[in-house]
Structure formats: structure tokens, C-alpha cells
Amino acid sequence: MNVQHILIDDSNPEHRELSICRTGTLNRVRLGDGGYHAYASLSIDGHDYAALFHYGIVEACGALPFISESGNGLDSWDEAYLPSGSLNRLRRIIGEVAESVDPGKEETILLGWQDQPTAIAWLRRIEPHKFLGFIDTLLGFIEESERNDYDLEFIL
């Protein structure tokens, strides 16, 4: 079987429309509010979204008490809430996993594939230095949320 390999290009609008080209958002919320209000947000672009899964951060966060409609905790194609009391543990988990990222080792990962009508493997290049910059921003967002007693909503 001849498989075409396509590297995702975030500047290509056709690639951004693919279901495997996922992005996300992290919102500061208060679960005790009478209604929904996002007090601040942090966008997760396609590169960093893929890297969160590739480096195992999302899986490692499975140890935390996320609240989600699906009951799957923190997962792709879902939204999940993490109470403020768990944000310190979240920062520790993310920090520990991020320490294992080799900043000089770019990687190309498989995002998905299709067999029909043409065999295609969809790939994404992971730039660890870019991802580690996002991790610094993410940890700062979480720390500020914790200081101000916000809960977090993950929309993945």
C-alpha cells in the first residue's frame, strides 16, 4: 500500500479544518457561581494541543479529580472542570512531565490516518522549545488561578 504522508501546516486553512487538527481552551471559572462566566482564557493552539497528548501530560492528569459530562476526566473532544483545590497538584504534574521533554529533540508524530479514498498519514512536527514556552505560560495561568481561588475548565 502506498501511503501519502502529509505534515500538518497550521497556516493552511484546509489543514486547520481537519478534525485531527484540534485546538483547545483553558478557562478560569468558579464552579460555585450561579451561572457560567469565564473570567480569563488561555488558548491552546494545534501544536501545543498535540504536544500535551504526545508528551503524556493529559494522561498524567488522569490522577486528578476532573469533573466531566462524559465521566472520562480530562480527555480529547470533551470539556472537564478541575476544582481550585487541585491546582497545586496539577502544576506539579505538568512540571514533572515537562522536565522529561528534551528541548533539542524535534519530533514528528502521527496524528491520524485514513485508508479511503487515498491512504494518508497525517503528521505534525513537535517543536519542544515552543511547547516548553507554552508550558511556562500554562503554569503561570494555573498559578494565578490558584492564588485567586478560580477553578479551571478545560475544553479539549
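Values quoted throughout were computed directly from the atomic coordinates according to the rules given, and no laboratory measurement underlies them. Owing to the predicted nature of the structure, the values given are computational and were not obtained by experimental measurement. Quick reminder, even Gly has a Cβ in these numbers, built from the backbone with ideal geometry, and neighbours come from all protein chains shown.
Charges only on Cβ, +1 for Lys and Arg, -1 for Asp and Glu: so what's the dipole of the chain about the Cα centre, in debye to the nearest 20?
Its charge dipole is roughly 120 debye.
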Around F134 (Cβ within 11 Å, Cβ-to-Cβ, excluding F134; K/R +1, D/E -1) the net charge comes to -3
CD proxy at 222 nm, helix term only [per DSSP H run n ≥ 4: -39500 (n - 2.57); per residue of the chain; nearest 500]: -9500 deg cm²/dmol
What is the distance in Å between the Cα centroid of the range 115-154 and that of the range 29-62? 8
What number do you get for the range 1-123 when its Cα radius of gyration is normalised by 2.2 N^0.38 Å, N = residues? 1.24
Where does the longest stretch of the chain lie that holds no GluC sites (Glu not before Pro) found in a DSSP loop with 14 or fewer other Cβ atoms within 10 Å? 18-68
Give me the net charge of R30's neighbourhood, meaning all other residues with Cβ under 11 Å from the Cβ of R30; Lys, Arg count +1, Asp, Glu -1. -3
